[in-house]
1. In the range 11-33, what count of residues is obtained for those that are in a loop (DSSP other than H, G, I, E, B) and either open to solvent by less than 40 Å² (accessible area, probe 1.4 Å) or at pLDDT below 85 (or both)?
2. Considering only the range 53-88, state which residues are out of contact with any Pro (no Cβ under 9 Å at 6 or more places or on another chain), closer than 20 Å to Arg129 by Cα and either exposed (fewer than 14 other Cβ atoms within 10 Å of the Cβ) or modelled with pLDDT under 90 (or both).
3. From the list Thr74, Thr37, Thr46, Thr107, pick out the single residue that is in contact with an Asp or Glu (Cβ under 8 Å, 6 or more places away or on another chain) and not aliphatic (A, V, I, L, M).
4. Scan the range 121-136 residue by residue and report those that are of a type in the set (A, V, I, L, M, F, W, C) and in contact with a strand residue (DSSP E or B) (Cβ under 9 Å, 6 or more places away or on another chain).
5. Report every pair of residues separated by at least 6 positions or lying on different chains whose Cβ atoms are under 9 Å apart, first residue within the range 96-118 and open to solvent by 100 Å² or more (accessible area, probe 1.4 Å), second assigned to a loop (DSSP other than H, G, I, E, B) and basic (Lys, Arg).
6. Can you tell me which residue within the range 119-130, out of those that are touching a residue at least 12 places away in the same chain (Cβ under 8 Å) and within 15 Å of the chain's Cα centre (by Cα), is nearest to Gly95 (Cα to Cα)?
7. Could you check the range 34-52 and list, in sequence order, the residues that are open to solvent by 20 Å² or more (accessible area, probe 1.4 Å) and either among the aliphatic types (A, V, I, L, M) or closer than 23 Å to Ala114 by Cβ (or both)?
8. Which pairs turn up if I take residues in the range 131-151 that are on the phi < 0 side of the Ramachandran plot and touching a residue at least 12 places away in the same chain (Cβ under 8 Å) and look for partners that are surrounded by 14 or more Cβ atoms within 10 Å (Cβ to Cβ) and part of a loop (DSSP other than H, G, I, E, B) with beta carbon separation below 6 Å, at least 6 apart in sequence or on another chain?
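The values are calculated or read from the model by the stated rules, or taken from the named source; none is laboratory data. Please read all numbers here as calculations on a predicted model, not as lab measurements. Ideal geometry is used to build each Cβ from the backbone, glycine not excepted, and the neighbour counts take in all protein chains shown. In case anyone asks, the SASA skips ligands and DNA or RNA and just uses the protein heavy atoms, side chains included. Shrake-Rupley method; radii C 1.70, N 1.55, O 1.52, S 1.80 Å.
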Amino acid sequence: MVWGCISHDCKLDLVTIRGNLTGDQFLRHVMEPVVVTHFDNHPLATRPVYMDDNARPHRSRAVVDYLQNNAVTTLPWPAMSPDLNPLEHVWDILGRRIQALQPPVQTLRELEAALYREWLQVTREQIRRLTGGMRRRVDAVIRARGGFTRY
């Protein structure tokens, strides 16, 4: 499992977890050491808003309670809208870069190392292009009445 987080101004460390992800693992390896730590030290006057993709480990009772107890504001997100999440496009960038590697990765360890290298190469400008296009994406979905868009 690979976890990443972006905002208009930053990109948090990539996290990999071997095996199936549970809510408890998500708390131990992602929320506590990465997300909440970043939010607590964020330079904005207010804490950022957290958004996830509604995956089962992200919605576990333990995670929901943890978010509430740590005053993490979450953005409601429709379960069936991956085309609106700018992080999905970052995953696409990483996937294309990994597939283009020569020689290709052969092992899980090589894949993990390549993902970390390529994550570091995703630029702030690339992320800002993706997050800056959100209004256009939302407008397209509204015009399509929730149907297919080019995004």
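1. Looking only at the range 11-33, we keep the residues that are in a loop (DSSP other than H, G, I, E, B), and these are 12-14, 17-22.
From what's left, either open to solvent by less than 40 Å² (accessible area, probe 1.4 Å) or at pLDDT below 85 (or both): 12, 14, 17, 21.
Residues meeting the conditions: 4.
2. Within the range 53-88, Ser81, Pro82, Asp83, Asn85, Pro86 qualify.
3. Details: Thr37 fails: in contact with an Asp or Glu (Cβ under 8 Å, 6 or more places away or on another chain); Thr46 fails: in contact with an Asp or Glu (Cβ under 8 Å, 6 or more places away or on another chain); Thr107 fails: in contact with an Asp or Glu (Cβ under 8 Å, 6 or more places away or on another chain).
Step by step, each of Thr74, Thr37, Thr46, Thr107 is checked, and only Thr74 is in contact with an Asp or Glu (Cβ under 8 Å, 6 or more places away or on another chain) and not aliphatic (A, V, I, L, M).
4. Our first condition is that a residue be of a type in the set (A, V, I, L, M, F, W, C); within the range 121-136, this holds for 122, 127, 130, 134.
Those that are of a type in the set (A, V, I, L, M, F, W, C) and in contact with a strand residue (DSSP E or B) (Cβ under 9 Å, 6 or more places away or on another chain): Val122, Ile127, Leu130.
5. Pairs found: Leu108/Arg18.
6. The first filter runs over the range 119-130 and keeps only residues touching a residue at least 12 places away in the same chain (Cβ under 8 Å), leaving 119, 121-122, 124, 126-128, 130.
If we keep only those that are within 15 Å of the chain's Cα centre (by Cα) too, we end up with 119, 122, 124, 126-128, 130.
Values: Trp119: 10, Val122: 12, Arg124: 18, Gln126: 15, Ile127: 16, Arg128: 19, Leu130: 16 Å.
My answer is Trp119.
7. Going residue by residue through the range 34-52, those that are open to solvent by 20 Å² or more (accessible area, probe 1.4 Å) are 34, 37-38, 40-49, 51.
Scanning the range 34-52 gives Val34, Leu44, Ala45, Val49, Met51.
8. Arg137/Tyr151; Val141/Thr149
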